[in-house]
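Here's the structure, in structure tokens; my notes come after.
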Amino acid sequence: MTEKEYLLRIREYLHDPEGKVWNDDELTKMLAQAAETYSKDTGIFRGRFYFMVNSDGSFNLPKDFASFVAWWNLSGKHINAISATEVSRYYGDFSSVEGDAEFCYEDLDSIGKARLCPNPYAKQDVKNYQPDSFGLIPLSGYGIPLHGQEYGLPTVIYKFNSCGDAVYIRTEEFERIPDYIALIYHVVYQAYTIDSDFQNTNKADLYYSQYKRRIAHFGQIKAMVSSVKNGGRYY
């Protein structure tokens with residue numbers, strides 16, 4: 001369903017076809033929030049990436065990152081998600097200790113970043129090779145060539161040995177979420193929750209309960225597999 005179609009349906013539920021109460025920008029932001037909440041609540045949209053850390057143990061999270069599922073270090077052992085306050089209970093010098101990562105916590109100084117403890121920076125590896133020249137080769141699809149040229153002579157090839165990999169719940173775009181009714185319910189819930197002359201807690205509670213009913217079966221699925229997912233089969 002497109003954004004235009006969503007807004008049309010949402011306005012039908014809100015009885016505001018001409019946008020006299022809620023403008024399009026407000027509803028679009030609510031729709032994006034509904035998609036993020038739906039992604040987190042259901043956990044059905046997954047992503048995976050390999051990461052390398054900076055010298056301080058920090059790394060950038062994917063832009064569509066919603067929440068943590070499972071992370072592994074170089075030794076294949078699980079990295080546990082934890083808060084900065086909790087990690088200090090395990091390592092008093094958690095910001096400077098080095099070794100195989102055991103914990104991952106949010107970087108409070110930089111939005112969109114996380115840190116590993118112990119810091120595995122010294123264990124990750126970057127090797128470079130000087131290949132023999134075999135003439136011009138196509139570079140398109142293999143990175144960003146110099147000066148925007150599609151052909152070039154490679155002089156150095158870098159091989160990165162990451163310090164771990166991760167599976168995470170990602171935020172899906174609302175246009176790609178099949179259960180559009182759940183998103184509409186959540187947007188209407190948000191609209192009636194806003195502190196304004198049109199705030200209506202009874203209607204807000206009604207639509208939020210309808211939203212929860214739409215996603216209830218996902219909670220049942222997660223409960224059934226929670227006892228066996230340590231083997232990695234359900235990531």
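The values are calculated or read from the model by the stated rules, or taken from the named source; none is laboratory data. Keep in mind that what you see is a predicted model, and the values were worked out from it rather than measured. Here the Cβ is made from the backbone with ideal geometry for all residues, glycine too, and neighbour counts use every protein chain on show.
Would you check if there is a residue in segment 20-34 being in contact with a helix residue (DSSP H, G or I) (Cβ under 9 Å, 6 or more places away or on another chain), at pLDDT 90 or above, in the same structural domain as residue 82 (by TED's automatic domain parsing) and closer than 30 Å to residue 115 by Cα?
No, segment 20-34 contains no residue that is in contact with a helix residue (DSSP H, G or I) (Cβ under 9 Å, 6 or more places away or on another chain), at pLDDT 90 or above, in the same structural domain as residue 82 (by TED's automatic domain parsing) and closer than 30 Å to residue 115 by Cα.
Go through segment 44-60 and give me each residue that's surrounded by fewer than 19 Cβ atoms within 10 Å (Cβ to Cβ) and assigned to a loop (DSSP other than H, G, I, E, B).
44, 52, 54, 55, 56
Just checking, does segment 86-97 include any residue being of a type in the set (Gly, Ala, Ser), surrounded by 15 or more Cβ atoms within 10 Å (Cβ to Cβ) and assigned to a strand (DSSP E or B)? First the steps, then the outcome.
Start the filter on segment 86-97 by keeping residues that are of a type in the set (Gly, Ala, Ser), which leaves 88, 92, 95-96.
Keeping just the survivors that are surrounded by 15 or more Cβ atoms within 10 Å (Cβ to Cβ) gives 88.
Then drop every residue that is not assigned to a strand (DSSP E or B), which leaves none.
Checked against the condition, which is being of a type in the set (Gly, Ala, Ser), surrounded by 15 or more Cβ atoms within 10 Å (Cβ to Cβ) and assigned to a strand (DSSP E or B), segment 86-97 yields no hits at all.
In segment 1-43, how many are of a type in the set (S, T, N, Q), surrounded by 13 or more Cβ atoms within 10 Å (Cβ to Cβ) and closer than 12 Å to residue 191 by Cα?
If we filter segment 1-43 for residues that are of a type in the set (S, T, N, Q), which is where we start, we get 2, 23, 28, 33, 37, 39, 42.
Restricting the remaining residues to those that are surrounded by 13 or more Cβ atoms within 10 Å (Cβ to Cβ) gives 28, 33, 37, 39, 42.
When the remaining residues are screened for being closer than 12 Å to residue 191 by Cα, the result is 28, 33.
The qualifying residues number 2.
When the residues of segment 187-198 are narrowed to those that are at pLDDT below 95 and within 16 Å of residue 20 (Cβ to Cβ), which ends up surrounded by the fewest Cβ atoms within 10 Å (Cβ to Cβ)?
Restricting to residues being at pLDDT below 95 and within 16 Å of residue 20 (Cβ to Cβ), the top hit is 197.
Looking at segment 44-62, can you tell me whether even one residue there is under 18 Å from residue 214 (Cβ atoms) and under 23 Å from the mean Cα position of the chain (by Cα)? Outline the logic, then answer.
First, pick out the residues of segment 44-62 that are under 18 Å from residue 214 (Cβ atoms): 44-45.
Adding the requirement that they be under 23 Å from the mean Cα position of the chain (by Cα) leaves 44-45.
Yes, segment 44-62 contains at least one residue that is under 18 Å from residue 214 (Cβ atoms) and under 23 Å from the mean Cα position of the chain (by Cα).
Here are some conditions: (1) outside any loop (DSSP other than H, G, I, E, B); (2) within 30 Å of residue 200 (Cα to Cα). Residue 22 meets all but one. Which one does it not meet?
Condition (1) is where residue 22 drops out.
Within segment 68-76, is even one residue touching a residue at least 24 places away in the same chain (Cβ under 8 Å) and not in a strand (DSSP E or B)?
Of all residues in segment 68-76, those touching a residue at least 24 places away in the same chain (Cβ under 8 Å) come to 68-75.
Keeping just the survivors that are not in a strand (DSSP E or B) gives 74-75.
Yes, segment 68-76 contains at least one residue that is touching a residue at least 24 places away in the same chain (Cβ under 8 Å) and not in a strand (DSSP E or B).
Criterion first (part of a loop (DSSP other than H, G, I, E, B), within 15 Å of residue 59 (Cα to Cα) and either among the polar types (S, T, N, Q) or at pLDDT 65 or above (or both)) does residue 116 satisfy it?
Values: part of a loop (DSSP other than H, G, I, E, B): no; within 15 Å of residue 59 (Cα to Cα): yes; either among the polar types (S, T, N, Q) or at pLDDT 65 or above (or both): yes.
So residue 116 fails the test.
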